[in-house]
Each structure stands twice: as C-alpha cells, then as structure tokens.
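The values are calculated or read from the model by the stated rules, or taken from the named source; none is laboratory data. This structure is a prediction, so every number in the text was calculated from the model and none was measured. Reconstructed Cβ throughout: ideal geometry from the backbone, glycine too, with neighbour counts over all protein chains shown. What goes into the accessible areas is simple: the full protein's heavy atoms, side chains included, and nothing from ligands, DNA or RNA. Shrake-Rupley method; radii C 1.70, N 1.55, O 1.52, S 1.80 Å.
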Amino acid sequence: MKPGTTRAACVALLRRDLTLIWRRRGDALNPLLFSIIVVALFPFALGPEQATLARIAAGTIFVALLLASLLSLDMLFRSDLEDGSLEQLVLSPHPLSLLLACKIAIHWLTTTLPLIVIAPLLAQMLYLPDTVLPVLLIALALATPLLSLIGSVCVALTVGMRRSGMLLTLLVLPLIVPALIFGAGACNAAQAGLPFTAPLLWLGAWLVLALVLAPLAAAAALKISLT
Amino acid sequence: MNPLLLWFHKLGSPPYFYRLAGRFLPWLYAIALITGAIGLYGGLVVAPADYQQHDSFRIIYVHVPCAWMSLFVYAFMAANGFVALVWRIKLSEVLAMASAPIGAAFTFITLVTGSVWGKPTWGTWWTWDARLTSELVLLFLYFGVIGLYSAIEDTRQAARAAAFLALVGVVNLPIVHYSVNWWNTLHQAQTVSLMGQSKMDASMLWPLLTLAFATHVYFFASLLTRSRVALLGLESGKEWVRALVNARTGGRQ
Amino acid sequence: MTDFFAMHGYGAYIWTAYGVFFVVLLADALAPLRQRRRTLAELRGRLQREAARDTLSKSALPRSGS
C-alpha cells in the first residue's frame, strides 16, 4: 500500500483529533472553570478593594491561564498513547514533527483559545483598566502558544509515565518563566503608562523561534521516550 | 588511527575508565583539599576587609566560585548530553547524569550564601536580584533533569531523556537570563551589585581564583566517584564487574 | 582568636555561609560512597545466589540422571 501525501495525513489527523475532542466536549470546560475559580479566589484573599485588585489583575490572569493550560497539557498525548495511535504516528513515513505540530495546534485551538476568550470576563472580575485589556489579549495570544509548544516537548519526554503531573510542572515552569515575565510585564507597563511594544516584540520573536524548533524537538523527544 | 583518538575510544570503554578514574581519584581529592585550604586561609585571614562591606564580603569566596561552578557544570552536563544523544556513548550518558546532582548542590550553595550575604548588605534575606533569580531558575532546571532521570525506569532511556531536557534548557537559559534582567530593571532601581563593578585588589583576588580552581577539581573528583558507582550498576552483568566484586570479596575473607 | 571568629560582627553570616558550603559539599561527597556500598552489596548477593544455584544444579543433575 502506498502512503498518502503528507498533506492528506495532516488533514486526516486534524479531522480525527477534532472529532475526538468534539465527542468529549464537556472536558473542554474544565480549564475554563479552573481559571475562573482561581481568579475568583484572589478577591477573597486580598479583599475587594478596586485599587489593589486592579494592580495585580494582569499578573493574576496570566498565572491563572498558564496554570490552566498547563493542567490540560498532560492530556496532549495521553489518549493517543493508550490506544496505540501514537506509535503509528511515530512509525508513519511522514515527518513526525509536522504531525506533532498539527496536534499541538489542535490542542491550543481547543483548550487555550477558549481561555483567551474568557480573559475579558476575568479582567472585569479584577477591575483591569479597559485600556490595558487589548495588551493583555495580545500578550496572551503570543504567550499561550509558546506554553503549548514548549510544553509539548516536556510532555513528549514524560509520555510513558503514569503520574507525570507534578514532574511536568517542574519541567515546564522554569522554561516558561520568560513568557510570563514579558507577557505580564507588557501589561504592567501599559498600566503604568510606559511603552509596552518591546516585550511584545520579544514574545513574538520567541514564538517564531519556538514554532520552528519545538515541533522538531518534540519529535526527537517522543522518539527517545518511545524506544 | 591517531594515538589520541585511539586513547579517546579506549576511554569510552567502561572497565578502562573505571580503572583510570580510580587511579586519578585520590590525587584529585588531595589537590582539591589542599588548594581549597590555601584559598580559604587566604580568603578568611590574609585578605584585608573590604572598605565598604567590611568583613561580610568574605562570603564572596564561597558564593562566587559556586556560582561559576553552577554554570560550568550545566555546560558540562549539556555537552555530555549532546555527545550521548548524537553518538550514543554510554560513558557520556553516565557523566551527564552524574554531574546533575553536583551542579544542583553548587546552585543550592550559591542561593543560600547569596541570601545570607544579602542580609547584612541589603537588609533582607532575599532580593529578586537578576542574578539570584536566574540561579533559582537554574536550580529548577537541575531539579527537572534529576526528576526526569529518576522517574523513568530504564536507566539508559532515562539518561537520554534527561540529557535532551538539559539541551532544551541550554537554548532557554539565555532567554531566561535576558528576560529576568529586563524585568529587574523595569521593577526596581539598580541594587547594590554583589560583585561590585570595581576591580578587585590582587590580595583579595588570588584566594577567589584559588577557590575557583579547588571547586573545579572537586567537581571532577565527585564526578568520577559518582560515574564509577553508576557504571558498576549499569554494567552489573558484565564480566569485569563480576571479577571486581569477586576480587573484593576474596580479599575480605 | 575570638576577634577572628567575630569578624567585626559579621561572624554569624560568614560562618553560616561557609558552614552551608561545607555541609552541602560533604553530603555531596558522601552520597556516592553510600550508593557504592549498596551497589556492591547487591552485586555480591547476586553473585552468591548464582554460585549457590550453580552448585545446586550440579549436585542435582547426577541424581536425576541415575
């Protein structure tokens, strides 16, 4: 049997992943609920003063969303490993990095994009000034794909483990520190009336770098942990 | 084959490495102890007190060599990890994984001594100083490598996965350092630098360099000890390990 | 001598820093030795078990053959 074209393989993979996620669409709500609850806890801990909450709003939302998408990262390859399709991906004649890039893209679109959509709601809960909201959304749109890309490499390294949750956090968090610094830093700078383009540009540059390198690294990591 | 390359290949063989390392080890420990003692004497007794920080600057003699070592060991680990992944040399895997705990130990010392030094200098135990924060991230990277290595059961696969993580960390470390620097300048005015930009006097500098040398030698001594033990476990089915254990048991009876 | 240990009031900080340096490096130096003893004991046990099994099978073989 002749293998199909790479494009056909990618389309098939995208369609399959989307179907699988659609069948379990209730799960997609979990990260949303998680981030709303985390953000709602902060006023209880710090008091309801508008000034205090507005001061920490951008950082809190950033941390809550990063943690929420980190929790869902664990599921990136889980079901594929259990039903054996991950090994089929590795064995397929098509470039593994491209197939993984498709999987990462689907994962980001289905779990993290909804988080960005509810970010304005979270911003309202913490009294984030309206002028900062666009910066927050741009920063999140640049930083969360970074987390998915870098996270995918770490997930690929821990893929065979039964309880990888804590370890995954340990592996991903130090690598993601710059995204948090630049993303939340841009929001804080905007809030203070300072120029905020430089950190956003840095985030963008890093995202481009990760877009190229991370799928390749994830493919190499997956091959290491499946041999 | 050229003799140097031949020797290199021979070095990669576990029994040869085990024996050679065993011969070097006592010398390495001795050199590390003697130069360390000289450096400490120079730092604690001979070097004059700093005119600004008085005697508290003497912490520099343990803090800075350890900070240098934390970066050096990471580079060493990543280089060995690279060799292990590309050429699949077993010895490189062992060396990379043996250096991770030593590097974590040096990073930990750097953080604690930096914090202890911060109390008299800045008035607080911890400052989100750019260099200290980078060291903290480095410590987490080390913990990640160690954690991944101990979480995978197959030793060789674990070493390759952890080596890969170390390489990812190498790509990331400059970005971390740059971002932390940027964040630090955004949030607070320049703090008093621990190292000081001014040149150190020779009488203060030589103990520092001596201790840096001693910690390097100590690292290699500890590295060889750990690698020898790891090789024993890894090659436990091989004839040379069998012979070695038998010889030791025979000697004791 | 007490002057030396007091370090003009900075003694507590300096000796804590040096103490941490020594304790951590000492622990680092001792850890592989303990590991080594454990590995060797395990290997010795395995070799002894193998030797015991060999002699057992050798002595058992002629009997089962006769």
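Of the helices (runs of 4 or more DSSP H) lying entirely inside the range A:36-116, those carrying at least 3 residues that are in contact with a helix residue (DSSP H, G or I) (Cβ under 7 Å, 6 or more places away or on another chain) are A:50-73, A:85-91, A:96-107. Residues that are assigned to a loop (DSSP other than H, G, I, E, B) and more than 29 Å from B:L208 (Cβ to Cβ) do not occur anywhere in the range B:21-33. Considering the range B:1-28, the residues that are aromatic (F, W, Y) and more than 17 Å from C:R36 (Cα to Cα) include one that is most open to solvent (accessible area, probe 1.4 Å), namely B:W27.
Taking the numbered list (1) more than 12 Å from every other protein chain (Cβ to nearest Cβ); (2) among the aliphatic types (A, V, I, L, M); (3) open to solvent by less than 10 Å² (accessible area, probe 1.4 Å) in turn, B:L148 passes all entries but (1).
Among the residues of the range B:166-181, those that are open to solvent by 10 Å² or more (accessible area, probe 1.4 Å) and farther than 15 Å from B:A75 by Cβ comprise B:I175, B:Y178, B:N181.
This table checks each residue for (1) away from chain C (no Cβ under 12 Å); (2) farther than 29 Å from B:S134 by Cβ; (3) among the aromatic types (F, W, Y).
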| position | (1), (2), (3) |
| --- | --- |
| B:L11 | yes, yes, no |
| B:I34 | yes, yes, no |
| B:H63 | no, no, no |
| B:F72 | yes, no, yes |
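Taking A:V172, is it within 11 Å of chain B (Cβ to nearest Cβ), in a helix (DSSP H, G or I), within 22 Å of B:H177 (Cα to Cα) and open to solvent by 20 Å² or more (accessible area, probe 1.4 Å)? No; evaluated as a whole, the condition is false for this residue. Residue-level analysis places B:L44 outside the set of residues that are touching a residue at least 12 places away in the same chain (Cβ under 8 Å), crowded, with 20+ Cβ neighbours inside 10 Å and either of a type in the set (A, V, I, L, M) or part of a helix (DSSP H, G or I) (or both). Out of A:A205, A:A192, A:A210, one residue alone is hydrophobic (A, V, I, L, M, F, W, C) and either crowded, with 21+ Cβ neighbours inside 10 Å or closer than 24 Å to A:P31 by Cβ (or both). It is A:A210. Looking only at residues that are surrounded by fewer than 20 Cβ atoms within 10 Å (Cβ to Cβ) and among the hydrophobic types (A, V, I, L, M, F, W, C) in the range A:156-166, which one is farthest from the other protein chains (Cβ to nearest Cβ)? Ranking the candidates gives A:M166 first. Within the range B:197-245, the residues that satisfy the criterion of being part of a helix (DSSP H, G or I), modelled with pLDDT under 80 and open to solvent by 30 Å² or more (accessible area, probe 1.4 Å) are B:A202, B:S203.
Identify the single condition in (1) within 15 Å of B:G169 (Cβ to Cβ); (2) modelled with pLDDT of 95 or more that B:A105 does not satisfy, given that it satisfies every other one. Evaluating B:A105 over (1) within 15 Å of B:G169 (Cβ to Cβ); (2) modelled with pLDDT of 95 or more leaves (1) as the failure.
Each row is one residue, and each column tells you yes or no for (1) at the interface with another protein chain (Cβ under 10 Å from one of its Cβ atoms); (2) surrounded by fewer than 21 Cβ atoms within 10 Å (Cβ to Cβ); (3) not hydrophobic (A, V, I, L, M, F, W, C).
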position	(1), (2), (3)
A:V90	no, yes, no
A:C102	no, yes, no
A:A105	no, yes, no
A:T112	no, no, yes
A:L115	no, no, no
A:L122	no, no, no
A:A143	no, no, no
A:C154	yes, no, no
A:A184	yes, no, no
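Return a yes/no flag: does the range A:4-11 have any residue that is farther than 23 Å from A:L133 by Cβ and open to solvent by 80 Å² or more (accessible area, probe 1.4 Å). Yes, because at least one residue in the range A:4-11 is farther than 23 Å from A:L133 by Cβ and open to solvent by 80 Å² or more (accessible area, probe 1.4 Å).
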